[in-house]
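Written out below as structure tokens is the structure these notes cover.
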Amino acid sequence: MDILYRVEGLQQIYQNRTVLDVPELDIYRGEILAVVGPSGAGKSTLLRLLAFLESPARGQILFENYPFTPLTAEMPLSLRRRVTMVFQRPVLLHDSVRANVMYGLRLRGERDHHSRVEQALREVGMDRMAHVRARTLSGGEIQRTALARAIVLQPEVLLLDEPTANLDPYNVRLIEDLIQRLNRQYGMTLVIVTHNVFQARRLAHRTALLLDGKLIEVRDTHTFFESPGDARTRAFIHGEWVC
Amino acid sequence: MDAQAGEIVLLSLRVSGVALFFSSLLGIPAGVLLGLNRFPGKRLAVILIYTGMGFPPVVIGLLVYFLLSQRSPLAGLPFLPDLFTPEAMILAQIILAFPLVAGFTMTAIQAVDPALRLQVMALGATRAQAALSILREARNGVIAAIVAGFGGIISEVGAVMMVGGNIAGRTRVLTTAIVLETRQGNFEAALSLSLILLGMAFVVNALLFILQDRWQND
């Protein structure tokens, strides 16, 4: 398979505390990789690094062989714009839903975006709320709008941080269906951070476990759940306390 | 008096308008810089801005007076205006309004959800685009900063009196004219000029409020 990201000796350190330590991880083009682990395991930190939003303290991330290291001040904009991230707690602009979805396209100077915006809104079921002010939306609607403003950009890589946390079953299903559609129809590479092992099992081709900042194991999802190689993985997927 | 009053009003508008324009031009980017970034010396810069926000206008008048006088080490530099000119008054008012605009802009920027910057960067914004997006989110606060700057200079008398000299037909503005008329016992004239000054302040603030309100509902 075609390697899109190669992570080598990656460490992130905040205030002298190592919050992430991933010796080696490859992410393949066109796959859905789920990263599971308890709160505070370093999952969101890994996503921010994969989105090139913060520089690593040690090691490097090769994105199509282009290195992102502690010395990289900023990734080239053309590479950075191939990756988009949706945050666990999305913050929308004080504007309409449509304006929020158009935002990233405007940044890129793309003018002929009406049909793409409408399609993205339809994909997340927000087309009837296009004119609604973002500040009046519910949690699920904010999450769906944030997803629409990311997918409208048609990124090569979509990084999702707890995309369905605190959502009702209808919204969870809608977003999970969309994730699978994006992957199957457009070949989009997705990395999903979730503490929900069932969601990882439903969606991902491969699943990785992070515990206390350390990558414990990464395997194809079936093997990860049926015959994990590490006792801590087995304990985690069975809902036991692991550290 | 009517013709004189017209001249005084026009000069007041010109001096305060130009001063507000330049203090906003400098103060808004300074406020964005301070609100968004950490850098060595930032604390000192913020303390200086806060101090400037409460600086007595007469002291600023004195500093500008020295700066523009023949004793100043900078005397004779081509870009410095002469004392007792409208340009000297504009310089004093820029110095007065700058910390107000910068300080309130900084506060408005800091009130925007800090997570937004990272999220717009994740959508492909450059640093400049991210800063502009945050400035747009803080637009109501920025308008309030401009209102504060305008309030600081339109009502100001000490600095413009010192560096302008209150020369009839040349540097006499509404506030200095009100002081003069009061001292001469012409209370009616002073009161009329005061009403014009209040009306001017009302119109400008109303325009800024309408702008703020429109953006809020935009």
Sparsely packed trypsin sites (Lys or Arg not before Pro) within the range A:69-157, loop by DSSP, other Cβ within 10 Å at most 16: A:108, A:111
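Determine the shape class of the range A:129-206: with a ≥ b ≥ c the square roots of the Cα gyration tensor eigenvalues, call it rounded for a/c under 1.5, and otherwise prolate if a/b is greater than b/c, oblate otherwise. All intermediate terms of the calculation are to be shown ahead of the outcome.
Details: a/c = 2.15, a/b = 1.32, b/c = 1.63.
It comes out oblate by the Cα gyration axes.
Around residue A:77, with a cut-off of 14 angstrom between Cβ atoms, what is the net charge of the other residues, counting Lys and Arg +1 and Asp and Glu -1?
Working: positive: A:80, A:81, A:82, A:108, B:127; negative: A:74.
Net of charged neighbours comes to +4.
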Additional length obtainable on full extension of the chain from residue A:17 to residue A:202, 0.36 nm per residue less Cα span: 63.2 nm
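Could you provide, to the nearest whole Å², the per residue accessible area of the protein assembly as shown with probe 1.4 Å?
Working: 22250 Å² over 461 residues.
Per residue, the protein assembly as shown has an accessible area of 48 Å².
Other chains' Cβ within 10 Å of A:83-93 residues: what's the mean?
Details: counts 2, 3, 5, 3, 4, 1, 3, 3, 10, 3, 7.
Across A:83-93, the average partner-chain Cβ count within 10 Å equals 4.
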Nitroxide proxy distance, nm - points 7 Å out along Cα→Cβ at residue B:18 and residue A:28: 7.0 nm
Computed [θ] at 222 nm, helices only, for the protein assembly as shown once each DSSP H run of length n ≥ 4 contributes -39500 (n - 2.57): -17500 deg cm²/dmol
Whole-angstrom gap from the range B:139-209 to the range A:182-238, using each part's C-alpha centre: 68 Å
Residue B:113 - accessible surface, heavy atoms, 1.4 Å probe, Å² rounded to 10: 50 Å²
Dipole of chain A, positive direction: furthest Cα of A:5, A:134, A:231, with charges on the beta-carbon: A:134
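Kindly identify the range A:1-66 as rounded, prolate or oblate by the Cα gyration tensor criterion: order the square roots of the eigenvalues as a ≥ b ≥ c, call it rounded if a/c is under 1.5, otherwise compare a/b with b/c, prolate if a/b is larger, else oblate.
oblate
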Solvent exposure ordering (accessible area, 1.4 Å, most first) of A:102, B:53: B:53, A:102
Anisotropy class of the protein assembly as shown from Cα gyration tensor, a/c 1.5 cut: prolate
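Give me the dipole magnitude in Debye, nearest 20, for the protein assembly as shown about the Cα centre, with unit charges on the beta carbon: positive for Lys and Arg, negative for Asp and Glu. Write down the numbers at each step before the final one.
Working: 44 positive and 39 negative charges, 38 e Å.
Here the protein assembly as shown has a charge dipole of around 180 debye.
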Solvent-accessible area, 1.4 Å probe, carbon plus sulfur percent, for the protein assembly as shown: 58 percent
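Using the beta-carbon distance between residue A:69 and residue B:26 and R0 = 41 Å, what value does 1/(1 + (r/R0)^6) give for FRET efficiency, to the nearest 0.05?
On the way: r = 38 Å, r/R0 = 0.92.
Taking R0 as 41 Å, the efficiency between residue A:69 and residue B:26 is 0.65.
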Total accessible area lost when A and B pair, probe 1.4 Å, Å² to nearest 100: 2000 Å²
Rounded tilt (10° steps) of B:127-137 against the dominant C-alpha axis of chain B: 70 degrees
Label-point gap, in nm, between residue B:127 and residue A:168 - each point 7 angstrom along Cα→Cβ: 4.4 nm
Cα-based helix-to-principal-axis angle, A:114-123 vs chain A, degrees rounded to 10: 60 degrees
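Taking the Cα centre of the range A:91-154 as origin, work out the dipole magnitude from +1 charges on Lys and Arg Cβ and -1 charges on Asp and Glu Cβ, in debye rounded to 20.
120 debye
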Inter-centroid distance (Cα atoms) of the range A:135-173 relative to the range B:80-107, Å: 47 Å
Dipole in debye (nearest 20) - the range B:1-136, about Cα centre, beta carbon charges: Lys, Arg +1; Asp, Glu -1: 700 debye
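Tell me the net charge near residue B:9. Cut-off is 13 Å between Cβ atoms, residue B:9 excluded, with +1 for each Lys or Arg and -1 for each Asp or Glu.
On the way: positive: B:14, B:172; negative: B:2, B:7.
Net local charge, residue B:9 excluded: 0.
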Relative contact order computed over chain A (Cα-Cα under 8 Å; 6+ residues apart), in percent: 26 percent
Rounded tilt (10° steps) of A:97-107 against the dominant C-alpha axis of chain A: 70 degrees
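Taking DSSP loops as anything outside H, G, I, E and B, show the longest stretch in chain A free of GluC sites (Glu not before Pro) there with at most 16 other beta carbons within 10 Å. Walk me through the numbers before you get to the answer.
Values: sites that count: A:54, A:64, A:74, A:110, A:240.
Longest run free of exposed loop sites: A:111-239.
The values are calculated or read from the model by the stated rules, or taken from the named source; none is laboratory data. Values in this document were obtained by computation on a predicted structure and should not be read as measured data. Cβ coordinates were reconstructed from backbone atoms using ideal geometry, including for glycine residues, and neighbour counts include every protein chain displayed. For the accessible areas, the whole protein counts, side chains as well, though only heavy atoms, and no ligand, DNA or RNA atoms are used. Shrake-Rupley method; radii C 1.70, N 1.55, O 1.52, S 1.80 Å.
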